[in-house]
Each structure stands twice: as structure tokens, then as C-alpha cells.
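The values are calculated or read from the model by the stated rules, or taken from the named source; none is laboratory data. Everything numeric here is computed off the predicted structure, so don't read it as measured data. All Cβ positions, even for glycine, are placed from backbone atoms using ideal geometry, and neighbour counts span all protein chains on display. For the accessible areas, the whole protein counts, side chains as well, though only heavy atoms, and no ligand, DNA or RNA atoms are used. Shrake-Rupley method; radii C 1.70, N 1.55, O 1.52, S 1.80 Å.
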Amino acid sequence: MSLFSPHRYVASVERIDLDDLWNQGKRAILLDRDNTLVPRDRKTAPDEVVAWLDRAREKGFRLCMVSNNWHRDQVMRSARELGLEAIGFAMKPAPFALLAGLKRTGVSKEDAVMVGDQLYTDVWAGNFAGIDTILVKPQTTVDLWYTQIFRIFERHALRDLTCEE
């Protein structure tokens, strides 16, 4: 396992097996917002994502959204709607916001996982913080212009990884 690769690659958030995470000793899930929980071309999360988050809470997971989005109003609105703690303008891949998220959840890095749709921000931040990472496919092809550039390099970096459908 490389410091620059995800521990797992999954088709979407709702495909992540919560029982499996719990059995691995995970107790907190840190989650990216844009194109992980909320598609970039929508204002709200899909029903399947909302249901998955509800199941995660029922199971006992502590949840915290850690977003690079600098529009605090968007991040906090999503956090309220989804019932999540939230940190905006996280500046991932720097690990500091993830460490703050762990502090909010009261869970150690060994007992947490970071879930996000971008290799160079979400996965690297999690790996730099010493947190297991799960990369998910973006929910939509709509992205910021600079994210579209990163996606070109990301596709090349992920070519040998198998995505769990």
C-alpha cells in the first residue's frame, strides 16, 4: 500500500459495507462533501446517501464532513440537512482538518476512515493523517475547472486499481 493510494476503491458511498467497517474496528467516518455526499450539480444529497448515513448513525458511527469547499454556507447547509458535524475550507491534502474532525468525533485515527472522491485531496489527506482511506467514484462529471485537470492525472494513477462495484 502506497502513501499515495487509497486503501479501497468503491463505486459510491452507499456501496461501502458498514458492517465490514464496524468489524474492522472503525468507529468514525470522515466524509468529503462535493461529489462524494452531494453531487456537484445538485444542492442536496441523493436519497441513497441519506439512507446510508442514517444506517451509519444507527450502527453507532461518529460522522464528520470535511470539505475543501470554501462556501461555508453550502457546507453548513449540507451538514444541517444530513445531521453531520462539518469542517469547511479544509485545505486537503493537508491533514489538519481531518485531525480536527477526529477530535470532534473523539475517535483515534486507527479507528477512523476517510471517504472521498478525489485522490489528490481526500485520499492523500487521509493517508498523510494516518487514517485509512476509501476512494469513491465522483457522483457526477460536473467539477470545478481545476478539479477536471486533476481528474486527468487521477485516471492515470488509478488505472491499475480495481473498483469494487
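Here are the numbers for the structure shown:
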| read-out | value |
| --- | --- |
| Residue within segment 51-68 that is small (Gly, Ala, Ser) and under 23 Å from Phe4 (Cβ atoms) present | yes |
| Pick from segment 7-56, criterion more than 20 Å from Gly83 (Cβ to Cβ) and basic (Lys, Arg), ranking: surrounded by the most Cβ atoms within 10 Å (Cβ to Cβ) | Arg8 |
| Where a residue in segment 129-147 is in a loop (DSSP other than H, G, I, E, B) and of a type outside the set (S, T, N, Q) and its partner, wherever it lies, is surrounded by fewer than 20 Cβ atoms within 10 Å (Cβ to Cβ) and at pLDDT 65 or above, with Cβ under 6 Å and at least six apart | Gly130/Lys109; Ile131/Lys109; Lys137/Ala11; Val142/Arg40; Val142/Asp41; Asp143/Arg40 |
| Segment 2-49, residues that are in contact (Cβ under 8 Å) with a residue 40 or more places away in the chain, touching an Asp or Glu at 6+ places or on another chain (Cβ under 9 Å), more than 25 Å from Lys103 (Cβ to Cβ) and not aliphatic (A, V, I, L, M) | Tyr9, Ser12, Arg15, Asn35, Arg40, Pro46 |
| Candidate set: segment 58-75, residues that are assigned to a helix (DSSP H, G or I) and surrounded by 15 or more Cβ atoms within 10 Å (Cβ to Cβ); chosen: the one modelled with the highest pLDDT | Val75 |
| Residues located in segment 101-126, provided they are part of a helix (DSSP H, G or I) and open to solvent by 40 Å² or more (accessible area, probe 1.4 Å) | Lys103, Arg104, Lys109, Glu110, Asp111, Tyr120, Trp124 |
| Filtered residues of segment 85-100 (kept if crowded, with 22+ Cβ neighbours inside 10 Å, out of contact with any Lys or Arg (no Cβ under 9 Å at 6 or more places or on another chain) and aliphatic (A, V, I, L, M)) | Ala90 |
